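Can you read through this structure? Questions will come right after.
The values are calculated or read from the model by the stated rules, or taken from the named source; none is laboratory data. The structure presented is a predicted model; accordingly, all values stated were derived computationally and were not measured. Backbone-built Cβ (ideal geometry, glycine too); neighbour counts: all protein chains shown. With ligands, DNA and RNA removed, areas are computed over all heavy atoms of the protein, side chains included. Shrake-Rupley method; radii C 1.70, N 1.55, O 1.52, S 1.80 Å.
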Amino acid sequence: MGSNHLILTLEDISFNYSGGPKVLADLDLQLFKGDRIGLMGPNGSGKTTLFQIIMGLLKPSYGSIEIYNTPRKTEKDFIDVRKKIGLLFQDADDQLFSPTVLEDVAFGPLNLGKSRDEALEISLNTLNFLGLSGFEDRITYKLSGGEKKLVSLATVLAMEPEVLLLDEPTSGLDEKTKITLKNVLTRLDLSYIIISHEIDFLADITDHIYTMGNGKILFDQEVHAHQHVHAHPHGAYVHEHK
Amino acid sequence: MFEELANNDSFIHGLDPRGKLIIVFLFSIVVAAADRFQVLLGSLTFGLLIVLTAKVPARELIKRLIPVNMLILFLWLFLPFTFGGETLFFMGPLAVTREGVFYATRISIKSNAMMLMLIALVASTPIFSIGHAMHQLKIPKKIVHLFFFTYRYIHAIYREYLRLKNSIKIRGFIPKTDLHTYKTYAYMVGMLLVRSFDRAHRVHNAMLCRGFKGDLYSLKKFSFKTNDIVSMVFMMVMIVIMGVMEWAQII
């Protein structure tokens, strides 16, 4: 793949929270257009931290970030990044802050400089796309957990990003909502990285599943076309089938 | 919590929030500055009429007036005794002065008149509209944001509080008058603060990710209709009459 298909490159990224041990250590990652990556790893292995570094919410203590062929260092550099990369937070309550669904979904487009009418149209279309028509005037903090998650996704998609970073999108969702989410992600022509503990979910909608450990991404776990339907004894952790 | 009345329908509900804000502001200034009882009683009556027009249920009205009047009660405990002036009568060794009683009465009337107007405003307008009206009236952005987020996150903090409360309840906590209870409550308040701070941080991050640059845009369009003009003129005339009565000492 040529360099014009390269979306982001992380090189030698290290990060530690003040006074704490290294969460990320010499981490490398490349994301190309069309990549659909699943990311697994134990709690505290730095998955969420990695997302926040890509979005510029945290600054690495060492290493370089290049997104769309531009080095990104300062807060200013990342303003542009956030227009193209959408992050779905782990907790939908963090993401939704407007009183009504419509206002929350329109928040992003309005920030991008769209007119009121354009923002309205985009928002309604996005809600429609996610099967949330009729939710416009619902009060965000009164939605159910699954609805909150889908509305959060709507707020991210309304910005028409090229890349999605989804942080445990299935946590707390029932089977039906999970299937909705799966369908939505399959229909979207986007590159994405998904953090999840559910290997079956990842196997269905990603091409590669990587694991995080020792502050790095371990690239040796390709998704093989292995069909096995069973309650997984290994749960969310790395394992091999021979 | 506060918005439950905003969905009722009355003449006042349909008015432009910008007009309502301006009127409440001017009304409050005149009432705060007024000293004559004729004017103050007039403003109180006026406030009552407005609240009635806004169809605020009596129960809600009283619920909202109680906190203010509790505060005023404290003023009544001190003001009549500490204000210098002509002695009305003695309560034990303490002298109650005429000026002190007048002063306390004025404060009571003023605060209640203003509260009535504010209740009519808040009860008849969704909070978000008030925020946007403030924005359109060119009130500094920071104040509008503060207003808006305070409102939004009172809910979040309240829910956080309920969660914490439940978590101590299911572990058999019964409040008593002892150190254990105080300590538990202190932990709870501390946790609430820390958690709210963290949440605020995460929400801000989420907003940054969606391109927040310090501006909140509104999807609503306000329009000033005939109704608005008529009521605005009427209210202005009333406020001016109150002002004239105060300063020209008419009646």
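Check whether at least one residue in region B:140-160 is open to solvent by 80 Å² or more (accessible area, probe 1.4 Å) and more than 26 Å from B:Pro126 (Cα to Cα), and report yes or no.
Taking every residue of region B:140-160 in turn, none turns out to be open to solvent by 80 Å² or more (accessible area, probe 1.4 Å) and more than 26 Å from B:Pro126 (Cα to Cα).
Given the criterion under 23 Å from A:Ile205 (Cβ atoms) and either in contact with a helix residue (DSSP H, G or I) (Cβ under 8 Å, 6 or more places away or on another chain) or touching a residue at least 60 places away in the same chain (Cβ under 8 Å) (or both), identify the matching residue among A:Lys114, A:Lys33.
Exactly one residue qualifies, and that residue is A:Lys33.
Report whether or not A:Leu88 is at the interface with another protein chain (Cβ under 10 Å from one of its Cβ atoms), at pLDDT below 90, open to solvent by less than 20 Å² (accessible area, probe 1.4 Å) and at negative phi.
The answer is no for A:Leu88.
Okay, moving on. From the list B:Leu79, B:Leu88, B:Leu73, B:Leu21, pick out the single residue that is assigned by TED's automatic domain parsing to the domain that holds B:Ile229 and assigned to a strand (DSSP E or B).
Among B:Leu79, B:Leu88, B:Leu73, B:Leu21, only B:Leu88 is assigned by TED's automatic domain parsing to the domain that holds B:Ile229 and assigned to a strand (DSSP E or B).
So A:Leu127 ticks every box in (1) in a helix (DSSP H, G or I); (2) open to solvent by 10 Å² or more (accessible area, probe 1.4 Å) but one. Which box is left unticked?
If we test A:Leu127 against (1) in a helix (DSSP H, G or I); (2) open to solvent by 10 Å² or more (accessible area, probe 1.4 Å), just (2) comes out false.
Okay, moving on. Looking at region B:197-217, which of the residues that are of a type in the set (Gly, Ala, Ser) and more than 8 Å from chain A (Cβ to nearest Cβ) is nearest to A:Lys149 (Cα to Cα)?
Filtering region B:197-217 for residues that are of a type in the set (Gly, Ala, Ser) and more than 8 Å from chain A (Cβ to nearest Cβ), the one nearest to A:Lys149 (Cα to Cα) comes out as B:Ala200.
Just the residues that are open to solvent by less than 60 Å² (accessible area, probe 1.4 Å), among the acidic types (Asp, Glu) and closer than 30 Å to B:His135 by Cα, please, taken from region B:161-220.
Answer for region B:161-220, where residues must be open to solvent by less than 60 Å² (accessible area, probe 1.4 Å), among the acidic types (Asp, Glu) and closer than 30 Å to B:His135 by Cα: just B:Asp215.
For region A:65-84, which positions are more than 18 Å from the chain's Cα centre (by Cα), open to solvent by 70 Å² or more (accessible area, probe 1.4 Å), within 14 Å of chain B (Cβ to nearest Cβ) and touching a residue at least 12 places away in the same chain (Cβ under 8 Å)?
Passing the criteria: only A:Glu75.
Within region A:1-58, track down each residue that is assigned to a strand (DSSP E or B) and among the basic types (Lys, Arg).
Within region A:1-58, A:Lys22, A:Arg36 meet the criteria.
Return yes or no: is B:Phe128 closer than 20 Å to B:Ala54 by Cα, crowded, with 16+ Cβ neighbours inside 10 Å and within 14 Å of chain A (Cβ to nearest Cβ)?
Taking the combined requirement at face value, the residue satisfies it.
Moving on to the next point. Given the conditions (1) open to solvent by 80 Å² or more (accessible area, probe 1.4 Å); (2) modelled with pLDDT of 85 or more; (3) within 29 Å of the chain's Cα centre (by Cα), which single one is not true for B:Val244?
All conditions pass for B:Val244, except number (1).
Of the numbered conditions (1) at the interface with chain B (Cβ under 10 Å from one of its Cβ atoms); (2) basic (Lys, Arg); (3) within 23 Å of A:Ile199 (Cβ to Cβ), A:Lys178 fails exactly one; give the number of that condition.
(1)
Given the residues B:Ala32, B:Ala104, B:Ala120, which is the only one that is in contact with a Lys or Arg (Cβ under 9 Å, 6 or more places away or on another chain) and either surrounded by fewer than 20 Cβ atoms within 10 Å (Cβ to Cβ) or among the basic types (Lys, Arg) (or both)?
Answer to the check: B:Ala32.
Exactly one of these conditions fails for A:Leu120: (1) more than 30 Å from B:Glu160 (Cβ to Cβ); (2) open to solvent by 20 Å² or more (accessible area, probe 1.4 Å); (3) more than 7 Å from every other protein chain (Cβ to nearest Cβ); (4) in contact with a helix residue (DSSP H, G or I) (Cβ under 9 Å, 6 or more places away or on another chain). Give me its number.
(3)
Taking B:Gln136 and the conditions (1) closer than 22 Å to B:Ile12 by Cβ; (2) touching a residue at least 24 places away in the same chain (Cβ under 8 Å); (3) more than 14 Å from chain A (Cβ to nearest Cβ), which numbered condition does it fall short on, given that it satisfies the others?
(3) is the only condition that B:Gln136 fails.
Please specify each residue of region B:212-239 satisfying the condition of being among the β-branched types (Val, Ile, Thr) and either under 30 Å from B:Leu40 (Cβ atoms) or in contact with a Lys or Arg (Cβ under 7 Å, 6 or more places away or on another chain) (or both).
Listed by number, the residues that qualify are B:Ile229, B:Val230, B:Val233, B:Val237, B:Ile239.
Restricting to region A:97-112, give me the number of residues that are more than 7 Å from every other protein chain (Cβ to nearest Cβ) and modelled with pLDDT under 85.
Counting residues in region A:97-112 that are more than 7 Å from every other protein chain (Cβ to nearest Cβ) and modelled with pLDDT under 85 gives 2.
Quick check on this structure: which one of B:Asp198, B:Asp215, B:Asp228 is in the same structural domain as B:Leu21 (by TED's automatic domain parsing) and either part of a helix (DSSP H, G or I) or within 30 Å of A:Leu166 (Cβ to Cβ) (or both)?
Answer to the selection: B:Asp228.
Right, here's the next one. Only one of these conditions is not met by A:Leu132: (1) of a type outside the set (Val, Ile, Thr); (2) more than 7 Å from every other protein chain (Cβ to nearest Cβ); (3) assigned to a helix (DSSP H, G or I); (4) without any contact (Cβ under 8 Å) to a residue 40 or more places away in the chain. Which number is it?
Here A:Leu132 meets the rest and fails (3).
Moving to a separate point now. Which one of these does B:Leu192 not meet: (1) over 23 Å from B:His145 (Cα atoms); (2) of a type outside the set (Ser, Thr, Tyr); (3) away from chain A (no Cβ under 14 Å)?
Unmet for B:Leu192, out of (1) over 23 Å from B:His145 (Cα atoms); (2) of a type outside the set (Ser, Thr, Tyr); (3) away from chain A (no Cβ under 14 Å): (1).
Please verify whether A:Ile193 is over 30 Å from B:Ala156 (Cα atoms), aliphatic (A, V, I, L, M), crowded, with 16+ Cβ neighbours inside 10 Å and modelled with pLDDT of 90 or more, treating the condition exactly as stated.
In short, no.
Filter region A:160-172 down to residues that are at pLDDT 90 or above and farther than 17 Å from A:Ile54 by Cα and give me whichever is most open to solvent (accessible area, probe 1.4 Å).
Among them, the one singled out is A:Glu160.
Check B:Lys55 against each of (1) part of a helix (DSSP H, G or I); (2) open to solvent by 80 Å² or more (accessible area, probe 1.4 Å) and name the one condition it does not meet.
(1)
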